[in-house]
Every structure is written in structure tokens, then in C-alpha cells.
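Enquirer: One structure follows; several queries about it will come next.
The values are calculated or read from the model by the stated rules, or taken from the named source; none is laboratory data. In this text the structure is predicted, and so the values were computed from the model without any measurement. Every residue, glycine as well, gets a Cβ built from its backbone with ideal geometry; the counts of neighbours run over all protein chains shown. Please note that ligands, DNA and RNA were not included when accessible areas were found on the heavy atoms of the full protein model with its side chains. Shrake-Rupley method; radii C 1.70, N 1.55, O 1.52, S 1.80 Å.
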Amino acid sequence: MKVLLAVMGVLCFLGTGNAFAENLQKHTFEVGPTVSHIKYEEPGLMKTDGMMYGIRAAYTYRDNLMLKVEGRYSAGEVDYTGHLVNLVTGVKTPHTAGNIPQYMLEFRGVGGYIFPISKTSFVTPYIGLGYRYLNNDLSVHPGGYERESNYIYSPVGVRYDAKLSNGWSFGANAEYNIFWRGKQISHLSDIHPGFNVVENRQRDGYGLRASVEFAKKTGSVELALTPFIKYWNIGDSDRADLTFNGVIVGTAWEPKNRSTEIGLGLALKW
């Protein structure tokens with residue numbers, strides 16, 4: 001009897017979900033600008049920080065299941081505070097530099113299941129796969145070099161959505177990023193053509209992100225405002241050979257680091 005009641009309860013719940021899904025917009029497109037402040041730190045060694053400006057686009061399918069793909073591009077300039085390091089002797093000299101060009105690309109795909117809470121609200125746990133690329137080009141200053149950062153990760157999170165009165169809606173999102181692997185490319189040849197381009201594998205780390213969304217729908221379009229925060233904490237990379245004119249002179253690695261991005265997005269949805 002208890003098993004039968006449990007099965008009936010699940011069927012009733014799924015039936016509610018199907019009825020609820022009929023009231024969801026199945027296909028949603030969105031596009032809009034973003035602005036953020038990003039700070040990158042290698043504790044005790046260096047940091048960069050500055051403003052980034054970009055654009056984000058996404059497509060979401062909802063019908064009990066939720067499927068979403070999104071991409072974002074942002075660019076700006078950051079300031080550097082740290083040291084110049086003599087790659088042969090290891091001697092460090094305090095150094096600051098400004099107006100360093102930086103840009104970032106990110107692509108993600110996630111899928112989840114919609115669980116109704118009431119007639120006007122629901123939660124959606126989800127999981128997916130993402131790629132993040134960051135290019136920081138300190139080579140515009142003497143003694144600097146271009147750095148490329150590549151992350152492959154899985155977002156695992158939950159989103160809450162609620163329809164309010166007068167066309168307003170509210171959303172909140174919390175997410176943990178499983179860091180699968182990273183590759184840091186350091187163009188040390190920018191410092192001197194005798195040095196090699198070093199590639200370091202990154203294996204340890206994690207990411208976090210959270211956001212809230214306030215949206216107003218007028219007719220068939222919706223305008224959404226989304227404050228967000230993103231955080232990455234990455235461990236020491238593997239070591240790789242450092243060569244000068246083909247001769248090994250030492251090893252190089254990417255130190256443990258963390259980055260925090262706080263920003264605001266504006267999107268038009270239809």
C-alpha cells in the first residue's frame with residue numbers, strides 16, 4: 001500500500017509538472033550587454049584588475065526539461081601590480097603597468113529538469129559543460145608577455161524562477177563549477193625571442209557563481225537586469241621546461257591563483 005501511494009504521488013507530481021510546463025515559454029532567445037570588474041591574483045606575487053565590457057547571447061528551451069546554450073564575449077583594460085622576473089637569475093623587481101588589453105570568451109551548454117513549486121514558481125537543477133578563454137597581453141609593456149588561459153569545466157547548479165504581478169518576474173541562480181582541466185600558455189618569447197612558449201597543464205581548482213534577475217515583460221518582449229558574481233580558485237600547474245635558444249635553463253609553472261568578477265548584465269528576451 002505504501003509503495004502504491006508513493007507511485008501515485010509521483011504520478012500526480014509529474015502530472016502537475018506537465019500542466020505547469022504548458023504555461024512556460026518553450027523557446028526563449030536573449031541578447032544584451034554586460035559590464036564587470038575583474039580582479040586576478042597570484043597571492044604574494046602579482047595582481048591585475050580592471051573593467052570589462054561585453055555582450056552575451058543565449059537560447060533556452062523549456063518543456064519539463066530545460067536545455068540552454070549561451071556565449072559571452074568581453075574585453076577591456078586592466079592594471080598590473082607585481083614584479084618583473086629575470087627568467088635566468090630569478091631576481092624580482094617591483095613593477096606596475098596600466099592599460100593592458102584583455103579579452104575573454106566563454107561558451108556553455110546545460111540541461112536540467114523543471115520542478116514546479118507553485119502555479120507561478122519553479123526550480124531547475126542542472127548540469128552541463130563549459131569552456132572559458134582569457135587573453136591578457138602584457139607584451140605591450142617592456143618585460144611583459146602575452147598569457148592565454150583555457151578552462152574546461154562542468155557547471156552544476158540550481159535556478160529558481162517566480163512570476164510576480166504586473167508582468168514582473170524574479171530569478172536566482174547558484175552554481176558550482178567542477179574544474180576538469182586547464183592549459184596556461186605563456187608567450188615568454190615576447191620577453192626575448194630566445195625563450196620558448198611555455199604550456200602548463202592545470203588540474204586542480206573550482207569555480208563558483210551566483211546571480212539574481214529582475215525582469216519586466218511588455219507584450220512579447222522582456223527586459224531583464226542581472227547582477228552577478230563569478231569566482232575561480234586554481235591550484236599550482238604542472239611544471240614545464242624553460243628553454244633559451246633550445247637549451248633547458250629551468251622550469252616554469254603557473255602559480256596558484258584566484259579571480260573574482262562582479263558585474264551587471266542587461267538582456268532583451270523574446
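Enquirer: Take segment 143-157 and flag every residue that is touching an Asp or Glu at 6+ places or on another chain (Cβ under 8 Å), open to solvent by 40 Å² or more (accessible area, probe 1.4 Å) and not charged (D, E, K, R). Don't jump to the end; show me each part of the working.
Expert: From segment 143-157, those touching an Asp or Glu at 6+ places or on another chain (Cβ under 8 Å) are 144-147, 155-157; that's our starting set.
Subsequent filtering for residues that are open to solvent by 40 Å² or more (accessible area, probe 1.4 Å) retains 145-146, 156.
Tyr145, Val156, listed by residue number.
Enquirer: A follow-up question, please. Report yes if some residue within segment 53-64 is at pLDDT below 95 and not β-branched (Val, Ile, Thr); otherwise report no.
Expert: From segment 53-64, those at pLDDT below 95 are 63-64; that's our starting set.
Checking the rest, the ones that are also not β-branched (Val, Ile, Thr) come to 63-64.
Looking through segment 53-64, at least one residue is at pLDDT below 95 and not β-branched (Val, Ile, Thr).
Enquirer: Restricting to strands (runs of 3 or more DSSP E) lying wholly in segment 64-164: which have 1 or more residues that are of a type in the set (Asp, Glu) and in contact with a Ser or Thr (Cβ under 9 Å, 6 or more places away or on another chain)?
Expert: Details: elements: 65-85, 92-113, 115-118, 121-137, 146-163.
Those strands (runs of 3 or more DSSP E) span 65-85, 92-113, 146-163.
Enquirer: Here is a further query. In segment 211-245, which residues are over 17 Å from Leu45 (Cβ atoms), in contact (Cβ under 8 Å) with a residue 12 or more places away in the chain and not in a strand (DSSP E or B)?
Expert: Ser220, Asp238, Asn245
Enquirer: Being open to solvent by 30 Å² or more (accessible area, probe 1.4 Å), of a type in the set (Lys, Arg) and either free of Cβ contacts under 8 Å to residues at least 24 places away in the same chain or farther than 30 Å from His27 by Cα (or both), is that true of even one residue in segment 111-119? Before the answer, list the steps.
Expert: Within segment 111-119, the first condition is being open to solvent by 30 Å² or more (accessible area, probe 1.4 Å), and the residues that meet it are 113, 115, 117-119.
Filter once more, keeping what is of a type in the set (Lys, Arg): 119.
Filter once more, keeping what is either free of Cβ contacts under 8 Å to residues at least 24 places away in the same chain or farther than 30 Å from His27 by Cα (or both): none.
No, segment 111-119 contains no residue that is open to solvent by 30 Å² or more (accessible area, probe 1.4 Å), of a type in the set (Lys, Arg) and either free of Cβ contacts under 8 Å to residues at least 24 places away in the same chain or farther than 30 Å from His27 by Cα (or both).
Enquirer: I'd like the residue in segment 45-74 that is among the charged types (D, E, K, R) and open to solvent by less than 60 Å² (accessible area, probe 1.4 Å) and, out of all such residues, is nearest to Tyr126 (Cα to Cα).
Expert: Taking segment 45-74 and keeping what is among the charged types (D, E, K, R), we get 47, 49, 56, 62-63, 68, 70, 72.
Those left that are additionally open to solvent by less than 60 Å² (accessible area, probe 1.4 Å): 49, 56, 62-63, 68, 70, 72.
Working: Asp49: 31, Arg56: 20, Arg62: 12, Asp63: 14, Lys68: 10, Glu70: 14, Arg72: 19 Å.
Here the answer is Lys68.
Enquirer: Just one of Ile185, Ile191, Ile234 is over 13 Å from the mean Cα position of the chain (by Cα) and modelled with pLDDT under 95; which is it?
Expert: Values: Ile185 fails: modelled with pLDDT under 95; Ile234 fails: modelled with pLDDT under 95.
The unique qualifying residue is Ile191.
Enquirer: Of all residues in segment 41-59, which are over 18 Å from the mean Cα position of the chain (by Cα) and under 24 Å from Tyr131 (Cβ atoms)? Explain how you work it out, then say what you get.
Expert: Taking segment 41-59 first, the residues over 18 Å from the mean Cα position of the chain (by Cα) are 42-47.
Of everything in segment 41-59, just one residue is over 18 Å from the mean Cα position of the chain (by Cα) and under 24 Å from Tyr131 (Cβ atoms), namely Glu42.
Enquirer: Oh, and also: With the structure loaded, tell me whether Asp204 is more than 24 Å from His141 (Cβ to Cβ), open to solvent by 30 Å² or more (accessible area, probe 1.4 Å) and either out of contact with any Gly (no Cβ under 8 Å at 6 or more places or on another chain) or charged (D, E, K, R) (or both) or whether it fails that test.
Expert: Yes; evaluated as a whole, the condition is true for this residue.
Enquirer: Another question, then. Being touching a residue at least 24 places away in the same chain (Cβ under 8 Å) and hydrophobic (A, V, I, L, M, F, W, C) is the filter; apply it to segment 181-210 and report the residue that is farthest from Ala240 (Cα to Cα).
Expert: Ala210
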